[in-house]
Structures are given as structure tokens and as C-alpha cells.
Amino acid sequence: MLDLTHEPPKPKVIAGAKHDWELVIGMEVHAQVASRAKLFSGASTQFGAEPNSNVAFVDAAMPGMLPVINEFCVEQAVRTGLGLKAKIHLKSAFDRKNYFYPDLPQGYQISQLYEPIVGEGEILVDMAPGIARKVRIERIHIEQDAGKSIHDMDPTMSFVDLNRTGVALMEIVSRPDIRGPEEAAAYVVKLRQILRYLGTCDGNMQNGNLRADVNVSVCRPGQYEKYQETQDFSHLGTRCEIKNMNSMRFIQQAIDFEARRQIRIIEEGGEVVQETRLYDPEKGETRSMRSKEEAHDYRYFPCPDLLPLEIEQSWVDEIAANLPELPDEKKARFMADYGLTEYDASVLTAETDAAGFFEEVARGRDGKLAANWIINELFGRLKKEDHDITQSPVSPAQLGGIIDLIAADVISGKIAKDLFEIVYTEGGDPAQIVEERGMKQVTDTGAIEAALDEIIAANPAQVEKAKVNPKLAGWFVGQVMKATGGKANPKAVNALVQDRLGL
Amino acid sequence: MSIDKETAAKVARLARIRVEPDRLETLAGEFNAVLGFIEQLGEVDVEGVEPMVSVTPMRLKRRADEVTDGGMQDKILSNAPDAREGFFAVPKVVE
């Protein structure tokens, strides 16, 4: 394995009217557990079902109903913790977070405030080859999701759907180690990648299966280093929390706006008030969520309906033994085993499907060549049609076949691209297509010589010029390639041209 | 801990229970009586004693990840004062 050492990225600096400012960002990501049933009931988690059809009496908070925990959801939280190299707490407990909202029929959310199931871990957030930020994870806890309110179906009423009520969420809380909008988005990308590798959350942000709350504050350069030395928050500015964002672009825009807003307030002599804010993508600004402030007193207390959650070390060990290879390890292995650059290895390990495709193509072949063909040709071609790797009409075996033909000098690189297009659009066995359509490279020097001699005989003036200026030899190579329909082996042609012109 | 009128009013508001202003004084008094009674527990030395959460040595009951419930929109909505097109309809709450 390669030892991947990284430099931390430079923090983002924003120039205010008076001073330079730095950003300090912490994230709380809510990731929906990829379970079939809800956290405490047997109702389905299926997205897009008829309103209020995936609701059990437990979810609707009917009197006398008691929650029973879904063990699979607990397992996924443990898996996620292990994937983030975090400490697993064998004993955790559930608390009630009390507030009133129409999409929360219980009047409280069951969460884990005091004793979360997962403790401290870390994520390496890649920014560029050789540059990455290590972000500490503070905790992960399990909690219930709320329902959904729809406000635009009626002018005076809100419509409530409880299908999402009680679905299991993992709240993944980071330390304030993120230093800019781009890092914040990269953090979510990396976290989502790890969750997908683990299979604990599908990471679908559009459906709201992954949502981020972002805590933003600003400070003068130098202050953050003091905080890191002492872990004393008084060195940092007052933070505001931007709630519920489900797009990488909005996360970056919201952080940028919020930082500039805070800088303006401080430079004008004011004070930032700690509060919850909402990002409005249409206006490109954040605004205060006053109602949230009012209800901020959640009066947490241990949930009397649920005993503490005790799990066995042997179970945790078993889950750990079955963890898949994670992105950082896979990337390092691709670099070590296949000689890929960090960039290529990152691209190929972004999704497990692509990584698997690559490994199938690369097996017993030149890894770099396989990586180039997948990244440059296949990904480019798929992107044109907005397809992903799982929809590729070219199988790993077919792409491998094309690469074999290049490696064996049967076809030239240029012909290979034509062949790739045929395989992509029509399918078929590459070797057979080459055979049937006469795409084989001409390595037979006799045929190349004949073509070259003909060209030399027809262009005496060019021959004289080339003898004076050897760069013009390229023109002859081009002519031969043309005459042979691109099938001549370029290396052989080059050698012959040099020889015939006496260069 | 002592509960004054303002705290009583805040607790009432958080619990969404309407309490007329002239009742707050009495309510605060009642809170204090209850809390005072419970605070007697503070006299017991529990240093190093783990809080007891259950009187029987039980393990938290678990469930398999199987869909065994739901599919009863009509029943879920049957107590709702207003329901339309499968949704609960409530007075507009917009953030």
C-alpha cells in the first residue's frame, strides 16, 4: 500500500472592508438509513408512495403505541461509525427532543442527545492531488425523521404527509474543522461516497436522503490556530446555523453569503447573534428562522419508552470484519497496484460501480491504458447521453478486448477509437468486428512500402523539400496513413519514411 | 429551583397549554410545591451509583427490518379534523 501523505489546503480568506477574515465551519449531516422499514415501526420507507400510506399507528403517535427498534438501522449506524474510524459505544440511549410542529405527531423526536451510539472519528476530505483536510467527527446518533408539509397546494392550508415520519436518520456531526465553502461541499461529497461504499445510505440529495445543516462563523487570521491548540471556542466568532440544505451548490453559496453577512455586521461595530437561518436559493441569501428561535428550548429527557441500547463487542467485530474496502484504501491500492496517478485513482474510485468496472478491464492488462480508456473515452461517451457506468452499453470484457487489440498491435490507437464507437453503438465482439470490417493495422512492410513508393514517385518536389527540412517527413507519414485508410502501423510507416528519404 | 410567573408562562407556552395571566401565580406555586417534594431526593447520596432505568433486567427489544405495517391511509386520517387528497390539512404553517 502507498503511504498517502497530504498537505492541508489553505483556508479561504475573505477580504472585508477593514480586515481579512477566515471561515470556520462545522457540519451536521442527516443521512437516511437505507432500511426497508422505519426506525421504530414496521411501515415502509419507500419514497414517493401515496401520502400517509407508509404510516403505522406508532408513527402517527396513536395513544398506547410503543416503539420497537429496527436492529438493521442500529447495524447501519455502527457500520457508518466503523467506516469513519470512529469509536462505537456499546451502550447508548434515546432521548426525547420536544417541540410542536404539524409534521411531528408525537410532539417530540426520539434522538440520542446524551449518549450517542458513535463517538469520535474522522474523514479525509480530498481537495486536489496531495491536498486533503482531515475533518474530525464528533459523534453520530440515530434519530427519527419528521414528516413532510406541503404549502403550495392550497392558499390557506398546509398539507401534511407522514410517510417520512419515523424513518431512521443518522446525524453525523463534525467538529469545526472545515475552512471554506469548497471544503464544505467536498466534505459532503466524501461523506456521501463513504456512505455509498458502506451501503448505509443511498446519498440521494434530491429526495432529501442526505441533508446538511451548516454552522458558520468568521474570525481573524490566527484565531483558528489558537482554537486548535486549546479547543477553546472563545477564540472563534459567534456561529449561525444554516438549516436543511440538499445541494452542494447551495451549501457553497449559503456559506459564502453568510460569512460576508457576518463580516459586515462585525466591521460595522455590531455583534453576530447566534441563531438558526434558512438559505433562500432564489434570492441567494440567508434569513433568520424566528419560529425556530422561539421553540429552541427542547427540554430533552430520556425516552421512557425505550431501554438503553446495549450491543455486544462481538457483534461490532463481526460488522467490522465485513466492511467493504473504503474509498481511501481503494484509491491507494489503485495507485500502488496499477500505477495510476492520484487523480485517475480518485476518478475511478468515486463510485464502487466504476471502480469494479475498471478492475475487470484492468485484470491482466495494462492498468494505465485501462484507466485512460475508461476515463477519457467511456466516461466521455456516457456523459454525452447522461448515462452512468451501470448503463454502459460496452461491457468490461468488450473494452478489454479493444485494449488487447491495441496492445497486440492489431489496430492503431486511432482505429481503436472508431472500433470503440462501433462497439458502443452496435455491440459485438471487438476482435470479430476488426476481422470482418478489415480494420486490422497493416504491419506488412511490403504493403506500406508500395504505398510510400507511389507517393514519393508522385511528389518529387516534396521529396526535395523534405531532404532540406526533415520536419516535412510528417507529410509523407500522413499520406501513407491516408492511402492505407488509417490502418498502417504508424511506427512502421515512420521508420520507412525516414529510411526512404535518407534522413 | 424556584419557578416564578415568567417561567410558568414559558412552560405553558412550550407545552401549548393556555393559562390565563391571573392563574400564573397559583400555577407557579403548584410547580414549586411539586419540585420541592421531588427535590427531597437530592438528599440521598448517589455518588457512583448508575441510574436505574428498568426494574427488570431486560434487553431492549429489537425488530427485523421488514415491512409489516402501513397501507391504511383511511385509518390514519380517520381522526383528522380535516383531510384532503390523502393529506392531513392544517392551517397554513410556512417557514
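The values are calculated or read from the model by the stated rules, or taken from the named source; none is laboratory data. Predicted model, so just to flag it, every value in this text is computed and none were measured. In this analysis, Cβ positions are derived from the backbone assuming ideal geometry, glycine residues included, and neighbour counts consider all displayed protein chains. These accessible areas exclude ligands, DNA and RNA; they are computed on the full protein's heavy atoms, side chains included. Shrake-Rupley method; radii C 1.70, N 1.55, O 1.52, S 1.80 Å.
Numbers for the structure displayed
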| item | result |
| --- | --- |
| Qualifying residue in segment A:243-250 (condition: assigned to a helix (DSSP H, G or I) and surrounded by fewer than 17 Cβ atoms within 10 Å (Cβ to Cβ)) | yes |
| Subset of segment B:4-36 [within 14 Å of another protein chain (Cβ to nearest Cβ) and of a type in the set (Val, Ile, Thr)] | B:7, B:11, B:17 |
| Subset of segment B:75-95 that is aliphatic (A, V, I, L, M) and at the interface with chain A (Cβ under 7 Å from one of its Cβ atoms) - its residue that is surrounded by the most Cβ atoms within 10 Å (Cβ to Cβ) | B:76 |
| Selection status of residue A:311, within 30 Å of residue B:58 (Cβ to Cβ) and open to solvent by less than 30 Å² (accessible area, probe 1.4 Å) | yes |
| Subset of segment A:22-43 [outside any loop (DSSP other than H, G, I, E, B) and open to solvent by less than 20 Å² (accessible area, probe 1.4 Å)] | A:22, A:23, A:24, A:25, A:26, A:27, A:29, A:31, A:37, A:43 |
| Segment A:58-103: number of residues that are more than 8 Å from every other protein chain (Cβ to nearest Cβ) and either of a type in the set (Phe, Trp, Tyr) or part of a strand (DSSP E or B) (or both) | 8 |
| Residues (more than 25 Å from the chain's Cα centre (by Cα) and acidic (Asp, Glu)) located in segment B:75-92 | B:85 |
| Residue among A:341, A:390 that alone is more than 24 Å from residue A:491 (Cα to Cα) and surrounded by fewer than 13 Cβ atoms within 10 Å (Cβ to Cβ) | A:390 |
| Helices (runs of 4 or more DSSP H) fully within segment A:305-375 counting 1 or more residues that are over 22 Å from the mean Cα position of the chain (by Cα) | A:313-321, A:327-338, A:352-362, A:367-372 |
| Any hit, segment A:209-221, residues being crowded, with 18+ Cβ neighbours inside 10 Å, assigned to a helix (DSSP H, G or I) and out of contact with any Ser or Thr (no Cβ under 7 Å at 6 or more places or on another chain) | no |
| Hey, residue A:179 away from chain B (no Cβ under 14 Å) and either open to solvent by 10 Å² or more (accessible area, probe 1.4 Å) or of a type in the set (A, V, I, L, M) (or both) or not | no |
| Residues (open to solvent by 90 Å² or more (accessible area, probe 1.4 Å), facing chain A (nearest Cβ under 7 Å) and under 27 Å from the mean Cα position of the chain (by Cα)) located in segment B:37-74 | B:53, B:58, B:59, B:61 |
| Count - residues of segment A:48-99 that are in contact with a Lys or Arg (Cβ under 7 Å, 6 or more places away or on another chain) and among the charged types (D, E, K, R) | 2 |
| Elements of type helices (runs of 4 or more DSSP H) contained in segment A:418-503, each with 1 or more residues being surrounded by 15 or more Cβ atoms within 10 Å (Cβ to Cβ) and without any contact (Cβ under 8 Å) to a residue 24 or more places away in the chain | A:430-436, A:460-468, A:473-483, A:490-500 |
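Conditions (1) open to solvent by less than 10 Å² (accessible area, probe 1.4 Å); (2) polar (S, T, N, Q); (3) free of Cβ contacts under 8 Å to residues at least 60 places away in the same chain, marked per residue:
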{"residue": "A:127", "(1), (2), (3)": "no, no, no"}
{"residue": "A:137", "(1), (2), (3)": "yes, no, yes"}
{"residue": "A:142", "(1), (2), (3)": "yes, no, no"}
{"residue": "A:146", "(1), (2), (3)": "no, no, yes"}
{"residue": "A:157", "(1), (2), (3)": "no, no, yes"}
{"residue": "A:161", "(1), (2), (3)": "no, no, no"}
{"residue": "A:184", "(1), (2), (3)": "yes, no, no"}
{"residue": "A:194", "(1), (2), (3)": "no, no, no"}
